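Notes follow the structure.
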Amino acid sequence: MKLKIQNSDQFVVGRQPVKEFLQHSPGKVNKVIIQKSAHGQIIKEIIGLCRQNKIVFYFRPRIADNSQGVIAYISPITYYSLDDLLARPAESKKCFLILDEVSDPQNLGAIIRSAVAFNISAILIPRRNSSLVTPTVVKTSAGAVSNIPIALTSNLNNTLRILAENNFTIIGADRSGKNIRECLWQFPLAIVVGSEGKGLRHLVKQNCHYLVSIPQSNKIGSLNVAVAAGIILYEINRTIFSK
């Protein structure tokens, strides 16, 4: 009999996502369920991390098909506010990533993983017309959601104005912008990327100090938002954080 997962449950599925949650946020993991037939090095590491952190784990004959043989039940994801982010200890190179109505959970998960990989301080997401952190997002991010603050905002344009008042340089990603290689990054910094189909909304563009673009072939119309965000964050990391 399969283990049923209710929509209201907070859980992480997949071997790598569960392992990363246990490594970086063991206090958020309530229990782990492992399929009896699941084997391999990562399963051994998951069991070891459960024992190390005194987290209860069970074996079941069969669990959900998409779980790779392991499910972690976790405490609800904690969302921050803009005030929380601004009140955090000062960083010499504070950089926020802001998503303008990115609605695909797999794109959000991939963006979160890139943000963690490239030293982004926090991510801000509008409450409406956007994907929030779901099990799909957690799995796609391979557990990286536990490594970065994620804030919700009710009014994105007001958020951009507040950031500008706090001396943030706000840069939007748009094909009409200047070549990203010509940018001089000034901190604190906020990077804004738009939705999968429409890109940045008009008023959001107006609230940016300037726009940047990624040089690309004219054989395609645009890049996937997760790919574009990854390239921009890599470029910031390459030119600034790696120094």
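All of the numbers you see were taken from the coordinates with simple rules; none came from a lab. Computed from a predicted model, the values in this text were never measured in an experiment. Reconstructed Cβ throughout: ideal geometry from the backbone, glycine too, with neighbour counts over all protein chains shown.
What the table shows:
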read-out: The lone exception for Leu132 - which of (1) in contact with a Gly (Cβ under 9 Å, 6 or more places away or on another chain); (2) surrounded by fewer than 17 Cβ atoms within 10 Å (Cβ to Cβ); (3) of a type outside the set (Phe, Trp, Tyr) it fails; value: (1)
read-out: Lone qualifier among Lys28, Lys54, Lys93 - being charged (D, E, K, R) and crowded, with 16+ Cβ neighbours inside 10 Å; value: Lys28
read-out: Exclusive hit being in contact (Cβ under 8 Å) with a residue 40 or more places away in the chain and crowded, with 21+ Cβ neighbours inside 10 Å, set Leu86, Leu152, Leu156; value: Leu156
read-out: Within the stretch 18-32, considering residues that are within 20 Å of Arg113 (Cα to Cα) and of a type in the set (Val, Ile, Thr), the one nearest to the chain's Cα centre (by Cα); value: Val18
read-out: Any hit, the stretch 128-136, residues being within 21 Å of Gly230 (Cβ to Cβ), touching a Leu at 6+ places or on another chain (Cβ under 6 Å) and of a type in the set (A, V, I, L, M, F, W, C); value: no
read-out: Members of the stretch 18-63 found to be in contact with a Leu (Cβ under 8 Å, 6 or more places away or on another chain) and not in a strand (DSSP E or B), listed by number; value: Lys19, Leu22, Gln23, Pro26, Ile46, Leu49, Cys50, Asn53, Ile55, Arg62, Ile63
